[in-house]
Amino acid sequence: MKKNLVIGTRGSKLALWQANHIAESIRTRYPSVEVTIVRIVTTGDRILDVPLAKIGGKGLFTKELETAMLQGEIDLAVHSLKDMPTELPPGLTLAAVTRRADPGDALISPRFSTLDELPRGARVGTSSLRRRAQLLHYRPDLLISDLRGNLDTRLNKVRTQELDAIILAVAGLKRLDWEQEISQVLPHSICLPAVGQGALAIEARQDDVEVLELLSFLNDQETRAAVFAERAFLRVIEGGCQVPVGVYGEISGQRLSLSALIASVDGQTMIKDQVCGDAADGEALGDELAKRMLAAGGREILAALEDFTVTGGNHSEER
């Protein structure tokens with residue numbers, strides 16, 4: 001068995017929590033293995049004053065970690081699964097997907113308890129097109145403000161800037177023991193999660209059999225089946241994490257229920273659909289649902305998105 005493992009991670013407080021969580025799990029399972037954590041700055045972390053749509057495509061929070069892995073500088077990387085593109089670089093693989101935490105989105109407001117309580121014209125901060133589109137579909141009167149930065153930075157902004165609320169992932173808040181900041185967990189009927197939201201992904205070299213075997217205990221098979229169906233859906237949509245798309249898979253017994261939406265950025269047009277079937281056929285179900293929704297008008301919605309991209313809209317799905 002490999003005696004030394006090097007984990008690569010982003011340097012944010014949440015990313016370090018995630019890397020340390022995986023490191024401790026490995027140490028507990030294999031006490032003889034020495035685990036080291038290396039911080040790596042990604043493009044998405046480095047450029048904070050420019051909307052992400054202007055600085056590149058997919059992999060803004062993973063590319064540098066993947067390069068380090070392929071060059072042998074690290075053995076594995078820990079990511080929030082929702083930050084990962086659906087296509088990985090040749091030579092890399094998803095070694096493990098952890099048990100999913102709460103996949104929901106949280107409203108955080110110093111003055112209001114729910115989304116419905118926000119006054120007309122309230123300013124809401126989010127860096128996600130997915131959240132923007134769904135919020136505006138439910139509340140067209142809201143003013144959506146771009147919001148960049150790590151979790152603690154964003155929380156500070158809702159207290160110090162002229163924002164009435166912000167939207168963040170529930171899982172990240174709970175992992176950092178900031179659950180008390182949550183005003184409301186938005187129901188999926190209002191805000192469907194991002195692909196893989198709530199799950200951690202461990203990425204490793206495809207040919208590193210020893211490391212892949214060592215990491216296999218971290219796999220949660222039910223979560224893996226659900227998120228692979230979600231990723232199959234997004235792969236057909238061809239959007240990475242940069243389109244106003246929500247999709248969520250739930251497994252009950254051997255059955256998978258997959259719900260999805262494709263929305264215009266302004267929230268005025270939205271297509272929703274659902275498919276159910278054998279969990280073992282999850283990727284085929286995701287593929288089928290995506291093709292059906294594209295044919296039902298989703299393709300036109302996504303084509304119109306190019307106009308928004310040109311104007312510099314922010315597509316991040318960070319936290």
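Let me have the 222 nm mean residue ellipticity of the chain computed from DSSP H runs of 4+ only, each contributing -39500 (n - 2.57), with the sum over all residues rounded to the nearest 500.
-9500 deg cm²/dmol
Just want the answer: with Cβ charges of +1 for Lys and Arg and -1 for Asp and Glu, which residue in ILE237, LEU76, ALA122 is farthest toward the dipole's positive end in the chain?
ALA122
If you take Rg and Dmax of the Cα atoms in Å from the coordinates, which of [x] 18.4, 56; [y] 32.4, 124; [z] 19.1, 60 do you get?
[z]
Label point 7 Å out from LEU16 along Cα-to-Cβ: which residues of segment 161-196 have amide N under 15 Å?
Hits in segment 161-196 for LEU16 at 15 Å: 176-177.
Find which of GLN268, GLN206, LEU5 sits farthest along the positive direction of the dipole of the chain, computed with +1 on the beta-carbon of Lys and Arg, -1 on that of Asp and Glu, about the Cα centre.
GLN268
So if I place +1 on the C-beta of Lys and Arg and -1 on the C-beta of Asp and Glu, and nothing else carries charge, what would the dipole magnitude of segment 105-185 be about its Cα centre? I want it in debye, nearest 20.
Charge dipole, segment 105-185, about its Cα centre: 240 debye, nearest 20.
Can you give me the span-like helices of the chain, meaning DSSP H runs with 20 Å or more of Cα extent along the axis and Kyte-Doolittle mean at or above -1.0?
Helices meeting the span and hydropathy rule in the chain are 13-29, 221-237.
Of the residues PHE112, PHE228, PHE61, which exhibits the maximal mean-square fluctuation in a Gaussian network model of the chain defined by a 10 Å Cα contact cut-off?
PHE112
Taking amide hydrogens as modeled 1.01 Å from N in the peptide plane, which residues meet the under 5 Å criterion relative to GLY8, leaving out close sequence neighbours?
It is VAL38, ASP75, LEU76, ALA77, VAL78, by chain and number.
Most fluctuating residue of THR160, THR67, THR93 in a GNM of the chain with Cα springs under 10 Å: which is it?
Maximum fluctuation in the GNM of the chain, among the listed residues, is at THR160.
Of LYS157/LYS272; LYS3/LYS63; LYS2/LYS63; LYS13/LYS291, which ones are farther than 30 Å apart at the Cα?
LYS157/LYS272; LYS13/LYS291
Quick check: residue separation of GLU117 and SER189 times 0.36 nm, minus the Cα distance between them. What number comes out in nm?
24.2 nm
Taking the chain as a Gaussian network, where each spring joins two C-alpha atoms under 10 Å apart, which residue of ASP164, ASP75, ASP208 fluctuates the most?
In the Gaussian network model the winner is ASP208.
Roughly speaking, what is the stretch gain from LYS3 to ALA296, that is 0.36 nm per residue apart minus the C-alpha to C-alpha distance, in nm to one decimal?
Taking 0.36 nm per residue and subtracting the Cα distance, the gain is 100.2 nm.
With each pseudo-label sitting 7 Å past Cα toward Cβ, what's the PHE217-GLU238 distance in nm, one decimal?
4.3 nm
Could you calculate the contour length gain from ILE37 to CYS276, that is, 0.36 nm times the residue separation minus the distance between their Cα atoms, to one decimal place in nm?
The span from ILE37 to CYS276 would gain 82.0 nm if fully extended.
Readers should treat all values here as calculations from the given coordinates under stated rules, not as data from a laboratory. Here the structure is a predicted model, which means the values were calculated and not measured. No Cβ is skipped: glycine too gets one built from the backbone with ideal geometry, and neighbour counts run over all protein chains shown.
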